[in-house]
Every structure is written in structure tokens, then in C-alpha cells.
Amino acid sequence: MDSTQTGGLSGAPLFENSTRVLALLAQQLDGRVPLVGVGGISSAAQAYSKIKAGASAVQLYTAMVYGGIGLAAEIARGLDHLLALDGFNNVAQAVGIEKDLYQ
Ligand SMILES: Cc1cc2nc3c(=O)[nH]c(=O)nc-3n(C[C@H](O)[C@H](O)[C@H](O)COP(=O)(O)O)c2cc1C
């Protein structure tokens, strides 16, 4: 990423770094503050990664430009499926389960 560029950065290039920062915050805060996962989310799998890294909720913007408003429902459905595959009944059970995998 180029920190010298003018204007904002959004979308896919943010995903990895923002997920790592999220996990580091989750490690430090240890559940005391709910975190919102944001940056480069465009799929249920990516939303799930943010949740496992420590997010209690997720936010997306750029992917909606490409995927349309229906993307939110698509991600919610996919997330239900991914949670069920891992044996979880709800998002809360998965929050932060992988936060310690990030350094
Ligand atoms: C055109 C544009 C406008 C935005 N406006 C706001 C805003 O008013 N308030 C805010 O908190 N974030 C705002 N954001 C940040 C997004 O909500 C989001 O945090 C950021 O774009 C990274 O997520 P993304 O990769 O899904 O876009 C804006 C982003 C873009 C691209």
C-alpha cells in the first residue's frame, strides 16, 4: 500500500492489513470493546475471517458498488452456512476464535 497517495483507499487492497490490525486490537482488548470488521470485504468467507479475527459486526462499502445491495443478504446467507459448517449457532460464538493466529 502507498501511504503517500492522495485521497482514500478502499476495497480489496485493504483486506489483509485491516484484518491483521483487527486481530491485534482484539488480542489487546480481549472482549472489553466490540469491534467492527471493515476493509475489503466482498464475500461471506471474508466476513467470516473478520469475525474470527475478532469482529462482532462487519461493514462493507466498496464491494456494494460491484455487487449491488443484494450482496448484504448474500453474505448473511453465506455466513449462516459457514457458521453451521463449523458447528456454531450464531456469530457471537465465532468472534475472535482465530485472533491469536495473527502477529
Ligand atoms: C466514497 C466513500 C465514502 C465513505 N464515507 C464514509 C463515511 O461517511 N463514514 C465512515 O465512517 N466511513 C466512510 N467510508 C469508509 C467505508 O465505510 C469503509 O470503512 C472503507 O471504505 C473500507 O471498507 P471497504 O473496503 O468495504 O470499502 C467511505 C468510503 C468510501 C469509499
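Miscellaneous remarks
- Sole exception among (1) among the small types (Gly, Ala, Ser); (2) within 16 Å of the ligand (Cβ to nearest atom); (3) at pLDDT below 95 for Ala57, by number: (3)
- Inclusion of Ala92 among residues that are part of a helix (DSSP H, G or I) and not polar (S, T, N, Q) is warranted.
- In the stretch 26-51, residue nearest to Lys99 (Cα to Cα) [restricted to those that are open to solvent by 30 Å² or more (accessible area, probe 1.4 Å), part of a helix (DSSP H, G or I) and more than 15 Å from the ligand (Cβ to nearest atom)]: Gln27
- Condition met for Leu14 (over 10 Å from the mean Cα position of the chain (by Cα), crowded, with 16+ Cβ neighbours inside 10 Å, under 23 Å from Leu101 (Cα atoms) and within 15 Å of the ligand (Cβ to nearest atom)): yes
- Residues of the stretch 52-83 that turn out to be open to solvent by less than 30 Å² (accessible area, probe 1.4 Å) and part of a strand (DSSP E or B), as a count: 1
The values are calculated or read from the model by the stated rules, or taken from the named source; none is laboratory data. These numbers were taken from a predicted model, which means no experiment stands behind them. No Cβ is skipped: glycine too gets one built from the backbone with ideal geometry, and neighbour counts run over all protein chains shown. Surface accessibility is based on the protein's heavy atoms, side chains included, excluding ligands, DNA and RNA. Shrake-Rupley method; radii C 1.70, N 1.55, O 1.52, S 1.80 Å.
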